[in-house]
Amino acid sequence: MRRVFTVVAAFALALTASADSRNNISRTFDVGDGGTIRLNADVGDVHVTTGGSGKVTIEIVRRARDAEDLQRNEVTFSQSGSDVTVRSRYENDRHSWFSWKHDSIDIDYNIRIPARYNVDLHTSGGDIEGGDIGGNADLNTSGGNLKLNRVSGNVHARTSGGEIDLDSAGGTVTLNTSGGDIEIRDAASSVEAKTSGGSIEIHRAGGTVLARTSGGSIRIDDVVDTVNAETSGGSITAHFSRQPRGDSRLSTSGGGVTVELAPSIGAELDARASGGGVQSDVPITVQGTHDDDSLVGRINGGGPRLVLRTSGGGIVVRRG
């Protein structure tokens, strides 16, 4: 009896292993440096790692409620030179009231790329996470978070429902989210960061900064050029470590504005607050009249305009 049970158990285990292998798809492509992996998926989380050279490996792990759900997921691969394209389509049950959901299938895309390679990743229902990428990164998701470590090139990332976290970028950075916070630790060039529902934090920017949010604070720890920052629901803090080459404007309707200037920076200051007052420990040659809620004048003989506005707090200008 025990022998029969053992045979049945082994047979069941073999069936399970066979089913699992059918759920997973794996492909490897020989490529050269400078190519691009393009993923266009209807649903799923994306994970990118870097390792080795000359190959792109794609592992797709699928977990479905039944075999019929797996059949609705069609995956195709193509290659042109050093570029690899993956398309993953999921056909919903059109007769279901909840056909817009993908609860019946769960997909992970695990992608390994060479050290010097670009990524162009789009998913309509999941997170995107990338390690060190030695090229440009273009990311887009309609329903998840975006997280990147080090990217040597330009970064363009957009999500309609999550946070964006970037460790560092060697090129320009453009980030946009409709429902979360944005954090950038180190950007070597210009930065554009926009969110409709969170805060923006930039630790270092090596070029111009454009930061817009409707629902949080803006903090820029170190910037070497112009800043255009606007929020309707929080405070703004910015530290200028070098002379900006153009005009800057920092404006908020829901908090205070604090600006720190390196000792050598010159500017034409135009600071106005509605009810919170303007304070400065930086020597300013005042122009026109001065009161508690406004301060207009030259810093270090003048320079580009530095416009500061708040209708919900005070303004502080100091050495930093």
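Each value in this text was obtained by applying a stated rule to the coordinates, not by laboratory testing. Here the structure is a predicted model, which means the values were calculated and not measured. Positions of Cβ are backbone-derived with ideal geometry, glycine not excepted, and every protein chain shown enters the neighbour counts.
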Seminar exercise, completed: Yeah, the stretch 54-195 with a ≥ b ≥ c from its alpha-carbon gyration tensor (a/c under 1.5 is rounded, else prolate when a/b outruns b/c, oblate otherwise) is oblate
For this session: Out of all DSSP beta bridges with both ends in the chain, state the antiparallel percent to the nearest 5.
Result: 25
Exercise. Which shape class applies to the stretch 23-115: rounded if a/c is under 1.5, otherwise prolate when a/b exceeds b/c and oblate if not, where a ≥ b ≥ c are the square roots of the Cα gyration tensor eigenvalues?
Worked result: prolate
Seminar exercise, completed: Per GNM of the chain with C-alpha springs under 10 angstrom, the most fluctuating residue out of 163, 201, 91 is 91
For this session: Would you mind ranking 29, 240, 77 so that the residue whose beta carbon has the fewest other beta carbons within 10 Å leads the list?
Result: 77, 29, 240
For this session: Quick one: angle between helix 2-23 and the longest Cα principal axis of the chain, in degrees between 0 and 90, rounded to 10, please.
Result: 50
Exercise. What percent do you get for the relative contact order of the chain when only Cα pairs under 8 Å and 6+ apart count?
Worked result: 10
